[in-house]
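The structure under discussion appears below in the form of structure tokens.
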Amino acid sequence: QKLFIYAEDLLKSIRQPIAVNGETIRTSASIGVCYFPSHGRVAGDLIARSEHAMNQAKKIGKDIYTIFDESIENSSILKAEMIQAFNKGLDQNEFEMFFQPRYDIKTGAMLGSEALLRWNKGGKFMAPDTFLDVAEESGMIVNICNHAFDLAFKQYEQLFNGNPPIMLAINVSAKQLSHPDFLNDLFSMMEEHHFPSEMLEVELTEQTLIENYESSLATLNALSSAGVKVALDDFGTGYSSLSYLKNFPVNVLKIDKSFIKDIHQDKSDLELAKAIIAMGKSLNMEVVAEGVENNKQLNILANEGCHQAQGYLLNKPLPFGKFHDLFNETTSSADASA
Ligand code: C2E
Ligand code: CA
Ligand code: CA
């Protein structure tokens, strides 16, 4: 009890404004508390654990004190282990891209694919949802995705090999987009693998744009003037603000799969999808439906004039070899019909 009062008092006195040369300076502190002997018997352990608690206090919002909690320590140990595993995964080329084809709804033509990250752990592929949060938080996402993007460009180079090019969509997270080397890295990868920038589409969520409005705007304008397309992913889920559509150079709207799922049996999902399609069209944007799983959904989308579709009905995300075979089939059948 006494300790808490002491910590409060300390915070209070540190919070007092200080006058320096007629200006007022305010400071604050974050305090981490742990107990002897329950949290450690030697100075090193006690210091490490109070530091842990202090970092927690900083995370929660600073200017507070936090008492050491073992569950916090466990979660950060888990993170440290994940980071080691990421590094090992990078060293041993465990990260791969899968490619999910995207189709023109009217003609049925394959227009390109979305590259989706997979972590190959001894032949078992882990989906990105299981590790992307930690990768994003730790900043490792930049290394992992750069590695994966490079791989995707390299694989597309093999694919093109004299054939007419198709588009490639990549997902970019907030940490990546705000990284100072993002544009440089991306352009040098494209150059190295002779990838035509007009064939690249960058998928971002509205959340990512909000997180760094000014710098996102500058980055997207640079991409756009190089001919790269910008797609708003998961459209309709986040904090949708129509001002994004006006202020950012957006070429493509991807209707989130949560609206597509029940489009054939839920009137409000249908109305929302219709509204997004109509809006995209009137703003001269390509509208893509993701998560198309059955023919009923596809027929409705076709009737409403949605341009493109992607989903398990048409194809799952494929490892490069399979995607390459599919591409060869479609280009040779196009040759045959020509
Ligand atoms: P997303 O961009 O919304 O990607 C679509 C997700 O829907 C993919 O999940 C895809 O496999 C899945 N999907 C495709 N068709 C269907 C369908 O018909 N039904 C259903 N229910 N799902 C379908 P995945 O591959 O697990 O990726 C999850 C998320 O991870 C992606 O969501 C994207 O936000 C992120 N992600 C994937 N690859 C990368 C990457 O290289 N970099 C970054 N930063 N994020 C990535
Ligand atoms: Ca996406
Ligand atoms: Ca999506």
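The values are calculated or read from the model by the stated rules, or taken from the named source; none is laboratory data. Every value quoted in this text rests on a predicted model; they were computed, and no experiment measured them. Here the Cβ positions follow ideal geometry from the backbone for every residue, glycine too, while neighbour counts run over all protein chains shown. Just so you know, the surface numbers come from the protein's heavy atoms only, side chains and all, with ligands and any DNA or RNA stripped out. Shrake-Rupley method; radii C 1.70, N 1.55, O 1.52, S 1.80 Å.
Part of a loop (DSSP other than H, G, I, E, B) and either open to solvent by less than 20 Å² (accessible area, probe 1.4 Å) or among the basic types (Lys, Arg) (or both): is that true of Phe153 in this structure?
Numbers: part of a loop (DSSP other than H, G, I, E, B): no; either open to solvent by less than 20 Å² (accessible area, probe 1.4 Å) or among the basic types (Lys, Arg) (or both): yes.
Spelling it out, it is not the case that Phe153 is part of a loop (DSSP other than H, G, I, E, B) and either open to solvent by less than 20 Å² (accessible area, probe 1.4 Å) or among the basic types (Lys, Arg) (or both).
If I go through segment 11-44 residue by residue, how many of them are assigned to a helix (DSSP H, G or I) and not small (Gly, Ala, Ser)?
Residues that pass the stated criteria total 4.
Given the options Asn55, Asn93, Asn74, name the one that is open to solvent by 60 Å² or more (accessible area, probe 1.4 Å) and within 16 Å of ligand 1 (Cβ to nearest atom).
Values: Asn55 fails: within 16 Å of ligand 1 (Cβ to nearest atom); Asn74 fails: within 16 Å of ligand 1 (Cβ to nearest atom).
Just one listed residue meets the conditions, Asn93.
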Subset of segment 230-248 (residues that are within 11 Å of ligand 1 (Cβ to nearest atom), open to solvent by less than 50 Å² (accessible area, probe 1.4 Å) and either over 24 Å from Ser197 (Cα atoms) or of a type in the set (Gly, Ala, Ser) (or both)): Ala231
Failed item in (1) touching a residue at least 60 places away in the same chain (Cβ under 8 Å); (2) within 21 Å of Glu94 (Cβ to Cβ), with Met199 passing the rest: (2)
Number of positions in segment 113-131 that are open to solvent by 50 Å² or more (accessible area, probe 1.4 Å) and either within 11 Å of ligand 1 (Cβ to nearest atom) or out of contact with any helix residue (DSSP H, G or I) (no Cβ under 9 Å at 6 or more places or on another chain) (or both): 7
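In segment 180-190, which residues are touching an Asp or Glu at 6+ places or on another chain (Cβ under 8 Å) and open to solvent by 50 Å² or more (accessible area, probe 1.4 Å)? Give the steps one after another, and end with the answer.
Step one: filter segment 180-190 for residues touching an Asp or Glu at 6+ places or on another chain (Cβ under 8 Å), giving 189.
Answer for segment 180-190, where residues must be touching an Asp or Glu at 6+ places or on another chain (Cβ under 8 Å) and open to solvent by 50 Å² or more (accessible area, probe 1.4 Å): there is none.
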Residue pairs meeting the criteria (Cβ under 7 Å; at least 6 apart or on separate chains; first in a strand (DSSP E or B), in segment 84-103; second charged (D, E, K, R)): Glu96/Arg118; Phe98/Arg118; Gln100/Glu114; Gln100/Lys316; Arg102/Glu114
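Report yes if Tyr244 is at pLDDT 95 or above and hydroxyl-bearing (Ser, Thr, Tyr), otherwise no. Full working, then the answer.
Details: at pLDDT 95 or above: no; hydroxyl-bearing (Ser, Thr, Tyr): yes.
No, not satisfied.
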Qualifying residue in segment 220-231 (condition: of a type outside the set (A, V, I, L, M), touching a Leu at 6+ places or on another chain (Cβ under 6 Å) and in contact (Cβ under 8 Å) with a residue 24 or more places away in the chain): no
Residue identified as at pLDDT 95 or above and farther than 17 Å from Val202 by Cβ among Ala278, Ala231, Ala226: Ala278
Residue count for segment 200-229, restricted to those that are under 26 Å from Leu270 (Cβ atoms), open to solvent by less than 60 Å² (accessible area, probe 1.4 Å) and away from ligand 2 (no atom under 12 Å from the Cβ): 1
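Within segment 270-305, take every residue that is of a type in the set (Val, Ile, Thr) and within 16 Å of ligand 1 (Cβ to nearest atom) and give me the one that is surrounded by the fewest Cβ atoms within 10 Å (Cβ to Cβ).
The selected residue is Ile300.
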Flag if Met110 is free of Cβ contacts under 8 Å to residues at least 60 places away in the same chain, surrounded by 13 or more Cβ atoms within 10 Å (Cβ to Cβ) and aliphatic (A, V, I, L, M): no
